[in-house]
Amino acid sequence: MSKRVGIIGAGVSGLAAIRCCLEEGLEPTCFERSNDVGGLWKFSDHTEEGKASIYQSVFTNSSKEMMCFPDFPYPDDCPNYMHHSKLQEYIKTFAQKKDLLRYIQFEVGGSVFSTVMSSIALMLMFNCSMSFQCYGLLQVCLGNELFTARMFASHFCSSLRKEPVFNDELPSRILCGLVSIKPSVKEFTETSAVFEDGTVFEAIDSVIFATGYDYSYPFLDETIIKSRNNEVTLFKGVFPPLMEKPTLAVIGLVQSLGAAIPTADLQARWAAKVFANSCTLPTMNEMMDDIDEKMGKKLKWFGQSQTLQTDYITYMDELGSFIGAKPNIPWLFLTDPRLALEVYFGPCSPYQFRLMGPGKWDGARNAILTQWNRTVKPTRTRVVSEAQRPHPFYNLLKMLSFPLLLLAATLTFY
Ligand SMILES: Cc1cc2nc3c(=O)[nH]c(=O)nc-3n(C[C@H](O)[C@H](O)[C@H](O)COP(=O)(O)OP(=O)(O)OC[C@H]3O[C@@H](n4cnc5c(N)ncnc54)[C@H](O)[C@@H]3O)c2cc1C
């Protein structure tokens, strides 16, 4: 009998989790408290307590080739950076085409969720068999509650995270004088704000606190995710290391310097393999040592921060290597040099992690070799005559320029 997996949340992490469980022959059931898939990309013009949402003017800041499900490229004519409504359309199409909707129970939260959690407790404490209606393994895909928290930030701003999130437009707004950089606020008077350097901003009508957000998992014993000093201690950002058996996985909590969808996909693939017993985790001590080592690196590269920040490519390669899906570049150079050049020197697009090994997608090679075509396609909205098109030799030269430069630099310095 296949193992049953309870998945909480049907945002992009939850959808990735459902699909990866199916790929591993597991039996997923996803519980979503809203009435649709997409999570925060499902725009709503009113705020609901506890529900994250984007705002009306949001466009993605990851490009379409870098933020797709690795076997599901966006349509050619889709803009590279898209309005949230287009992303939601893509997410829904993915769920429909991959036939994931029938595994989701909508408009369930609290009560079903506590049933799932108590089943988990049974599983953990008594190692219960799967014969009764018990969701033995759980993936938590709840996303971040960034914007809802911001709405209420004024009540507890001093205790919130202060991870800076920069909008691309900020520098130009500063240059235009529309945004002024100030030190911390010292105090508010009835109509003004006094800053620590003594300057005062007068005649204020409204104040918006954009001071950060907090991570919280109220439905779990805090110590499962934060096993020490209130720090998030998850092995590779996914598995709580102190559990007797690896029956809980957290998908989508890591903040890598890359896009969320491919990261969640790889996390979910690994988690599903662990649940299916085709991958094993190291011992508790080894996991804790690894967490300590990562904490040190995180401090060095990302400074004091309470989130699970990580470098995208290193992280993806690491997860990929656990499941045999990390692209083998030397092998590619020997067997398919054209593809190898694009993989090695081109963008680390999500298709690379479905190119070989378990979960391989037959369309991955073509998707990698055509990623630039899909990138330029939406910008080609008029017919250009042959004479104006760049010569194919120009593209070849462009592709070879970096390796040639690298070779020249190596020869110069060594
Ligand atoms: C403004 C903004 C812009 C962003 N832009 C980008 C971008 O350009 N590129 C990028 O890669 N990432 C971006 N992100 C990051 C974003 O978090 C990810 O893209 C992604 O949507 C996270 O998906 P998720 O499934 O983990 O979480 P969510 O999308 O938040 O989904 C969580 C789901 O869980 C459900 N849920 C929560 N609690 C319960 C419960 N108790 N019971 C049942 N269901 C529950 C929720 O209803 C929701 O459907 C952006 C985020 C924001 C806020």
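May I ask you to verify whether Leu40 is crowded, with 17+ Cβ neighbours inside 10 Å, within 13 Å of the ligand (Cβ to nearest atom), closer than 27 Å to Gly320 by Cβ and at pLDDT below 95? Talk me through it step by step, then tell me what you get.
Numbers: crowded, with 17+ Cβ neighbours inside 10 Å: yes; within 13 Å of the ligand (Cβ to nearest atom): yes; closer than 27 Å to Gly320 by Cβ: yes; at pLDDT below 95: yes.
Here the answer is yes, as Leu40 does meet what is asked.
Given Asp221, Asp265, which one is over 20 Å from Leu26 (Cβ atoms), within 16 Å of the ligand (Cβ to nearest atom) and among the charged types (D, E, K, R)?
On the way: Asp265 fails: over 20 Å from Leu26 (Cβ atoms).
On inspection, the qualifying residue turns out to be Asp221.
Output yes when any residue across the stretch 308-322 is in contact with a strand residue (DSSP E or B) (Cβ under 8 Å, 6 or more places away or on another chain) and charged (D, E, K, R), and no when none is. Outline the logic, then answer.
Taking the stretch 308-322 as the starting set, the residues that turn out to be in contact with a strand residue (DSSP E or B) (Cβ under 8 Å, 6 or more places away or on another chain) are 308-312, 315-316.
Now drop any that are not charged (D, E, K, R), which leaves 311.
Yes - at least one qualifying residue is present in the stretch 308-322.
May I ask you to list the residues in the stretch 249-269 that are crowded, with 24+ Cβ neighbours inside 10 Å and not aliphatic (A, V, I, L, M)?
Across the stretch 249-269, the qualifying residues are Gly252, Pro262, Thr263, Asp265, Gln267, Arg269.
Every residue, every condition in (1) at pLDDT below 80; (2) out of contact with any helix residue (DSSP H, G or I) (no Cβ under 6 Å at 6 or more places or on another chain); (3) surrounded by fewer than 16 Cβ atoms within 10 Å (Cβ to Cβ); (4) assigned by TED's automatic domain parsing to the domain that holds Ala259, yes or no:
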site: Pro350; (1), (2), (3), (4): no, no, no, no
site: Ala364; (1), (2), (3), (4): no, no, no, no
site: Thr381; (1), (2), (3), (4): no, yes, yes, no
site: Asn395; (1), (2), (3), (4): yes, yes, yes, no
site: Ser401; (1), (2), (3), (4): no, yes, yes, no
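Can you spot a residue in the stretch 50-64 that is under 17 Å from Ile261 (Cα atoms), near the ligand (Cβ under 8 Å from one of its atoms), open to solvent by 40 Å² or more (accessible area, probe 1.4 Å) and touching a residue at least 60 places away in the same chain (Cβ under 8 Å)?
yes
If you scan the stretch 312-332, which residues turn out to be open to solvent by 20 Å² or more (accessible area, probe 1.4 Å) and either small (Gly, Ala, Ser) or touching a Phe, Trp or Tyr at 6+ places or on another chain (Cβ under 6 Å) (or both)?
Ser321, Phe322, Gly324, Ile329
Of all the residues that make up the stretch 317-368, how many are more than 14 Å from Phe69 (Cα to Cα) and outside any loop (DSSP other than H, G, I, E, B)?
Residues flagged as more than 14 Å from Phe69 (Cα to Cα) and outside any loop (DSSP other than H, G, I, E, B) within the stretch 317-368 amount to 24.
Kindly indicate whether Tyr55 is of a type outside the set (Lys, Arg), more than 27 Å from Asp99 (Cβ to Cβ) and in contact with a Ser or Thr (Cβ under 6 Å, 6 or more places away or on another chain).
On the way: of a type outside the set (Lys, Arg): yes; more than 27 Å from Asp99 (Cβ to Cβ): yes; in contact with a Ser or Thr (Cβ under 6 Å, 6 or more places away or on another chain): no.
When the stated conditions are applied, Tyr55 does not pass them.
The values are calculated or read from the model by the stated rules, or taken from the named source; none is laboratory data. Here the structure is a predicted model, which is why all the values come from computation and not from measurement. FYI the Cβ positions are ideal-geometry reconstructions off the backbone, even for glycines, and counts take in every protein chain you see. To get the accessible areas, we keep the full protein, side chains included, count just its heavy atoms, and leave off ligands, DNA and RNA. Shrake-Rupley method; radii C 1.70, N 1.55, O 1.52, S 1.80 Å.
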